[in-house]
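Following: one structure in structure tokens, then a few remarks.
The values are calculated or read from the model by the stated rules, or taken from the named source; none is laboratory data. What you are looking at is a predicted structure, and each value in this text was computed from that prediction instead of being measured. When we count neighbours, we look across all protein chains shown, and the Cβ atoms used for this are built from the backbone with ideal geometry, even at glycine. Each accessible area value is taken on the protein alone, full model and side chains, heavy atoms only, with ligands, DNA and RNA left out. Shrake-Rupley method; radii C 1.70, N 1.55, O 1.52, S 1.80 Å.
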Amino acid sequence: MSRTVEARIARSEEYLRGHESLFYERKSRFAAAADRLRAAGLGDTDILVDVGAGLTELDVVLRVDHGWRGRYVPVDAWVDGTDLADWTPPRAVEWFAALEVLEHLLDPEALVERFKQHALSGFVITTPNPDRVDVLAMDPTHVTPIDQKALRGWGMRTTLHNFYGAFQDGIAAVWVP
């Protein structure tokens, strides 16, 4: 394993350990994504690749709250040192999720385009709403605020949510081909 990959894994582990919020405080993000995935057709035989999976809490919400029995595949730097800035899915799968990920990328649209090329059924994302919160001040690793207009321009349907403690401070977006 290269030193770059080892360093990326270590940084990711440190980042995840730094989360001080509790699951129930974060759950609204995962619930919004799970609701949208199921409504858009996520089935029990589908594969869902969770890009930037973090603590894999989307999997928990899908299985516990929705009874989902499909295949969940986490992709994250803590797993194998994946760098999402240039990551490309190795093959097409039914669904992708990227929750609280795009705002960490300098070119989030590039990842969205890769999802479009590899998603057989669609994908869901969540992100802070820059019309309600200072996205860049929320986390030192946030580099790109993404608003509803941008997401809609990328062909996604959006809804506003209360994710971080303020009214409509989060966005959930879904794309289906």
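Once the Cβ-Cβ distance between LEU106 and ALA39 is put in as r, and R0 is 30 Å, what FRET efficiency do you end up with, to the nearest 0.05? Display every interim value, and only then the final one.
Details: r = 31 Å, r/R0 = 1.04.
Rounded to the nearest 0.05, the efficiency is 0.45.
Specify the residue with the greatest mean-square fluctuation among ALA53, ALA150, ALA119, computed from a Gaussian network of the chain linking alpha-carbon atoms under 10 Å apart.
ALA150
Using the Karplus curve 6.51 cos²θ - 1.76 cosθ + 1.60 with θ = phi - 60°, what ³J(HN,Hα) values do you get for each residue of the range 69-83, in whole Hz, with x for Gly and Pro?
10, x, 8, 10, 10, x, 10, 6, 4, 5, 6, 8, x, 3, 9
Roughly speaking, to the nearest percent, how much of the range 32-114's 1.4 Å accessible area is carbon and sulfur?
Values: 1690 of 3430 Å².
Of all accessible area on the range 32-114, carbon and sulfur atoms account for 49 percent.
Taking amide H positions as placed 1.01 Å from N in the peptide plane, with prolines and chain starts having none, which residues 5 or more places from ASP50, or on another chain, fall under 5 Å of its amide H?
VAL73, VAL75, ALA97
Ratio of alpha-carbon Rg to the 2.2 N^0.38 Å globular estimate for the chain, to two decimals, please. Working shown, then result.
Details: Rg = 15.2 Å, N = 177, 2.2 N^0.38 = 15.7 Å.
Rounded to two decimals, the normalised Rg is 0.96.
What ³J(HN,Hα) values, in whole Hz, does the Karplus curve 6.51 cos²θ - 1.76 cosθ + 1.60 give for the range 123-130 when θ = phi - 60°, with x put for Gly and Pro?
My calculation for the range 123-130 gives 7, 10, 9, 10, 7, x, 8, x Hz in order.
Counting alpha carbon pairs within less than 8 Å and at least 6 residues apart, what relative contact order, in whole percent, applies to the range 16-72? Write out the running numbers ahead of the final one.
Numbers: 39 pairs, mean separation 24.5, N = 57.
In percent, rounded to a whole number, it is 43.
Give the long-range amide H neighbours of THR82: residues separated by 5 or more places, or on another chain, with amide H under 5 Å away, using H modelled in the peptide plane at 1.01 Å from N.
ASP76, ALA77
Once you keep just the Cα pairs under 8 angstrom separated by 6 or more residues, what percentage relative contact order results for the chain? Mind dumping the intermediate values first?
On the way: 324 pairs, mean separation 36.7, N = 177.
For the chain, the relative contact order is 21 percent.
So what is the relative contact order of the range 33-108, in percent, for Cα pairs below 8 Å that sit 6 or more residues apart? Don't skip to the end; give the middle numbers.
On the way: 94 pairs, mean separation 30.5, N = 76.
Worked out over the range 33-108, it gives 40 percent.
Normalized C-alpha radius of gyration of the range 61-104, against 2.2 N^0.38 Å? Can you show the working numbers first?
Working: Rg = 12.3 Å, N = 44, 2.2 N^0.38 = 9.3 Å.
Cα Rg divided by the expected 2.2 N^0.38 Å: 1.33.
If you put +1 on each Lys and Arg Cβ and -1 on each Asp and Glu Cβ, how big is the dipole of the chain around its Cα centre, in Debye rounded to 20? Numbers along the way, then the final one.
On the way: 19 positive and 27 negative charges, 99 e Å.
That gives the chain a dipole magnitude of about 480 debye.
Counting other C-beta atoms within 10 Å, and keeping those with at most 10, which DSSP coil chymotrypsin sites (Phe, Trp or Tyr not before Pro) do you find in the range 82-177? Walk me through the numbers before you get to the answer.
Numbers: sites: TRP87, TRP95, PHE96, PHE115, PHE123, TRP154, PHE163, TYR164, PHE167, TRP175; in loops: TRP87, TRP154, PHE163, TYR164, PHE167.
Those satisfying the criteria are PHE167.
From the helices alone, meaning DSSP H stretches of at least four residues, give me the mean residue ellipticity at 222 nm for the chain, per-run term -39500 (n - 2.57), in deg cm²/dmol to the nearest 500.
Details: 7 runs with 68 residues, N = 177.
That comes out to -11000 deg cm²/dmol.
What's the longest piece of the chain with no exposed trypsin sites (Lys or Arg not before Pro), counting a site as exposed if DSSP puts it in a loop and it has at most 15 other beta carbons within 10 Å? Show your work: numbers first, answer last.
Numbers: sites that count: ARG69, ARG91.
Longest run free of exposed loop sites: 92-177.
Read phi for every residue in the range 132-144 and hand back ³J(HN,Hα) as whole Hz from Karplus 6.51 cos²θ - 1.76 cosθ + 1.60, θ = phi - 60°, with x for Gly and Pro.
Running phi through 6.51 cos²θ - 1.76 cosθ + 1.60 with θ = phi - 60° gives 10, 9, 7, 4, 5, 7, 5, 7, x, 8, 7, 10, 9 Hz.
For the range 77-177, report the translational diffusion coefficient in µm²/s to the nearest whole number, using Stokes-Einstein at 25 °C, 0.890 mPa s, and a Kirkwood Rh over Cα pairs. Display every interim value, and only then the final one.
Values: Rh = 13.9 Å.
The diffusion coefficient I find is 176 µm²/s.
How big is the Cα convex hull of the range 77-129 in projection, averaged over all directions, in nm²?
Working: hull surface 15.3 nm².
Mean projected area for the range 77-129: 3.8 nm², to one decimal.
When the convex hull of the C-alpha atoms of the range 30-79 is computed, what volume per residue in Å³ does it have?
Values: hull volume 3.2 nm³, N = 50.
Spelled out: Cα convex hull of the range 30-79, divided by residues, is 64 Å³.
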